[in-house]
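Taken together, the values in this text are just the output of simple stated rules run on the coordinates, not laboratory data. Fair warning: this is a prediction, and the values are worked out from it, not measured in the lab. Here the Cβ is made from the backbone with ideal geometry for all residues, glycine too, and neighbour counts use every protein chain on show.
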Amino acid sequence: MTRAATVTWFAGHEIRLAWRELLGMLTAGRRWRTRSASIMLVAFVIFLHLPAYAVVGRFADVQMPLDQSTLIVITASIFLAWALILSQAIESVTRVFYARADLDLIMSSPVALTNVFSVRIAAIALTVTLMAMLLATPFIDVLVIGGGARWFATYAVVIAIGLSSAAVAIAITVGLFQLCGPAKTRAIAQIISAVTGAGFVIALQVAAILSYGTLSRFAVLTSDAAAAFAPEAGSMMWWPARAMLGDVAALLLLLGGSLMLLGAAMAAFSPRFSGYVASVSPRIETYKSATSRPFRLGSRQNALRRKELQLLWRDPWLMSQTLMQLLYLLPPALMLWRSYGEGAGAFIVLAPVIVMAAGQLAGGLAWLTISGEDAADLVATAPLPSASVTRAKIEVVLILIATVFAPLILVLAFVSVELAAVTALATVVAAASATSIQLWFRVQARRSQFRRRQTSSRIATFAEAFSSIGWAATAALALVVPVVAAITALITAGIMVLTWKISPARQ
Amino acid sequence: MSQPQVYSALELRGLTKRFDRPAVDGLDLTVRAGEFYALLGANGAGKTTTLRMVAGLLRPDAGSVSVLGIDALADPVAAKQVTAWVSDEPMIYDKLTPLEYLEFVAGLWGCDAAIAERSARELLASLGLAPHLHERCEGFSKGMRQKVALAGALVHDPRLIILDEPLTGLDAVSARHVKGLLQARVRAGCTVIMTTHILEVAERMADRIGVISAGRLIAEGTLAELQQQNGQGDTSLEDMFVALVESAPVAA
């Protein structure tokens, strides 16, 4: 086979694998679900047009030249999208490094590894770009419908975002390999990925709280201070915004720059890729306990609780994935600290944030403890009733939720006892609801499959999200319009009943 | 003075489990207390399904399971208290050390802490894991993981040990350690039921051998009895096994 044929053949192989992985994610590995999953995906993308209209609808008529405030908001939004895509790209690159399934085969075959890994880097860029385009489509549609065909240029900006974020993700991961070594890179990359995704929004919120005492990130972007710090109109910092608005020169420069960046990443890292992958060879890890302490057994449930806490504590990747929600608590906590003593009214916004975070965190933890049992046979053959096992695992979830949220609610109690009581009650209900959903939809899985937990049951995923949103809304409304809160509480309880009725646990 | 009643270690009567087709089909099986019993069969014959029902991992569609006189379907917790299960795919926790894993197992079975710790250290040492007591299992080879799982099964001193292909992935030295451990347990009065595709192991270690096909027991006895049943005193177990399996009726 010629060199070109090898590259083409391998590119086809990569596309087929990526397509099947996407299908697997959508259908949870069940072929018969392909059609219904496709319909759901299309329906979801159509549904996304509503929030997209709410977010970008007002910008559809925007024309060049822009005032500086609008320019800053659009540029910041593009940067936010770039950060989110970069976060996903880091995930993809890490998976390529650590998924040895076909890398052993490829590396032992007589093909030129540089070509093969160039294709693999291109495949990462393509996957990331397609995902970015899928997410951006509703927003671009809204802009095109409201403002005309000139907004189609935004697709090219999205392509530039995909290509450049893939290149930067590869550089970051390789840099981590060299700095931290293969043993630690995976966990650190996952944490960086998580923080990158949320960091930009949180940083804006923190700046808004410190400067203006509000959670709105637009407060910073539209402020005089931001305008004063912003560069001149001709600066390359505005290229993405200008490209979006149909400036052909800026668009070409942006696309060209992104392609060059990706090309540079391919040229720089492809020849060394096999070396990095090989360094992730299976070997004896030497994580050792510091001291040898005597056995502490206690009750059987205690053994289960201790094991769950130990496993969570020792897995930084899982910690980063499950505790991601906590990052979103930083701004409200900061707001609480900064505006303490200004009365309860300013803090009502904190109740839904705390309740939502508690529901989501409880869902993740409940999946890990209930479904993600690596020694399922051992626990199932242990001499204790399955109800005791389940109870011990739920207790772990509640202990962790209490540990995280009790201090925040305690501080709220000093501001307003009513606010703290409502928040505490809704937090408990949201955590219990999310845990119950995970219990009803339990599946036996490895903990390492945590990322895919949402694909194992889409009903459970949506039910978990809706219940958290519902209880968060109920908490906020209970403090403002209690009658309406009763209605949202009934709707959310109805969602829970419906979820139970269609769950495998009932059938 | 009344004599204590002597139970079979395991009694299965009419045990049935059906998935797409019958996996176990009205199986009757008795394993005596204190014997080493090898359950043989081709792939898909129903060995693992049978043992998973005994261990309480699967609920039978019909039939009864009695473990050391305990009705395992009516009182599964009591049956599990005296049973250990080891599968061919070692399921252990990557983030725990072997000693921590055994501490967890001992906790689940409600063992005495001091006795369990001594037993854990002895077991791990006898399986060649003494240098790795405090290393997390995530970097262990499959053989090492299998040895940790086996030590976990023995640390609570079970009276019935059920092993599904326990020698898979073990090197010759480790396999010999495991076989020695199991034989010592049998000498101490424990009952071992093991499935294996390594017929030489069954031939050398088992007191009695059962051959299962399409979810039914098609032959059972000591090696000599099986040879006699097949009419040739010097037939190897492998030849007998192949002849039995090939002549057995195929599942519907």
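Using alpha-carbon positions, what is the distance between the centroids of the range A:121-166 and the range B:69-140, in Å?
When both Cα centres are located, 53 Å separates them.
List the chymotrypsin sites (Phe, Trp or Tyr not before Pro) within the range B:1-95 that DSSP assigns to loop and that have no more than 15 neighbouring Cβ atoms inside 10 Å.
The qualifying sites are B:TYR7, B:PHE19.
With a cut-off of at most 15 other beta carbons within 10 Å, and DSSP calling the residue loop, which chymotrypsin sites (Phe, Trp or Tyr not before Pro) in the range A:110-189 qualify? Please list them.
Taking the range A:110-189 and a limit of 15 other Cβ atoms within 10 Å, no loop chymotrypsin sites (Phe, Trp or Tyr not before Pro) are found.
Count, for each residue of B:132-139, the Cβ atoms from other chains sitting within 10 Å of its Cβ, then give me the mean as a whole number.
Average neighbour count from other chains, rounded to a whole number: 5.
Using only the C-alpha atoms of the range B:144-252, find the volume of their convex hull and express it per residue in Å³.
Taking the convex hull of the Cα positions in the range B:144-252, it is 122 Å³ per residue.
What GluC sites (Glu not before Pro) does the range A:372-419 have in DSSP loop regions with at most 16 other beta carbons within 10 Å? Please report the intermediate quantities before stating the final value.
On the way: sites: A:GLU373, A:GLU395, A:GLU418; in loops: A:GLU373.
Within the range A:372-419, no GluC sites (Glu not before Pro) qualify (loop, at most 16 other Cβ atoms within 10 Å).
If each DSSP helix of 4+ residues adds -39,500 (n - 2.57) and the sum is divided by the residues in chain B, what number results at 222 nm, nearest 500 deg cm²/dmol?
Calculated at 222 nm, the ellipticity per residue is -11000 deg cm²/dmol.
What is the dipole size for the range A:358-507, taken about its Cα centre, with +1 at each Lys and Arg Cβ and -1 at each Asp and Glu Cβ, in debye to the nearest 20?
Dipole size: approximately 480 debye.
What size of dipole, in debye to the nearest 20, comes out for the range B:126-252 about its Cα centre when the only charges are +1 on Lys and Arg C-beta atoms and -1 on Asp and Glu C-beta atoms?
Using Cβ point charges on Lys, Arg, Asp and Glu, the range B:126-252 gives about 580 debye.
Taking a quarter of the surface of the Cα convex hull of the range A:371-498, what do you get in nm²? Walk me through the intermediate numbers first.
Values: hull surface 35.6 nm².
Convex hull of Cα atoms, orientation-averaged projection: 8.9 nm².
Hey, how much of the P(r) for the range B:186-244 falls beyond 19 Å, as a percent of Cα pairs?
Value for the range B:186-244 (Cα pairs over 19 Å): 27 percent.
Applying 1/(1 + (r/R0)^6) with R0 = 35 Å to the Cβ-Cβ distance of A:GLN178 and A:LEU80, what FRET efficiency is obtained, to the nearest 0.05?
E(calc), rounded to 0.05, equals 0.75.
Counting other beta carbons within 10 Å of each residue's own, what order do A:SER108, B:SER8, A:SER433 fall into, fewest first?
Ascending Cβ contact count within 10 Å gives the list A:SER108, B:SER8, A:SER433.
P(r) for the range B:67-204: what percent of alpha-carbon pairs falls in each 5 Å bin, starting at zero?
2, 10, 20, 24, 22, 13, 7, 2, 0
Indicate the gyration tensor shape class of the range B:1-157 (rounded, prolate or oblate), computed on the Cα atoms with a ≥ b ≥ c the square roots of the eigenvalues: a/c under 1.5 is rounded; otherwise a/b larger than b/c is prolate and the rest oblate.
Since a/c reaches 1.5 but b/c is at least a/b, the shape of the range B:1-157 is classed as oblate.
Is there a pair in B:LYS17/B:LYS80; B:LYS95/B:LYS179; A:LYS307/B:LYS142; B:LYS80/B:LYS147; A:LYS184/B:LYS142; A:LYS393/B:LYS17 whose C-alpha atoms are over 25 Å apart, and which pairs would that be? Let's see the in-between values first.
Details: B:LYS17/B:LYS80 20 Å; B:LYS95/B:LYS179 28 Å; A:LYS307/B:LYS142 22 Å; B:LYS80/B:LYS147 21 Å; A:LYS184/B:LYS142 22 Å; A:LYS393/B:LYS17 30 Å.
Cα-Cα > 25 Å for B:LYS95/B:LYS179; A:LYS393/B:LYS17; rest within.
Shape of the range A:358-426 from its Cα gyration tensor (a ≥ b ≥ c, root eigenvalues): rounded if a/c is under 1.5, otherwise prolate when a/b > b/c, or oblate?
prolate
Taking neighbour counts of Cβ atoms within 10 Å as a proxy for exposure, in what order, fewest first, do A:SER109, A:SER416 appear? Let's see the in-between values first.
Numbers: A:SER109 9, A:SER416 17.
Listed from fewest to most nearby Cβ atoms, that is A:SER109, A:SER416.
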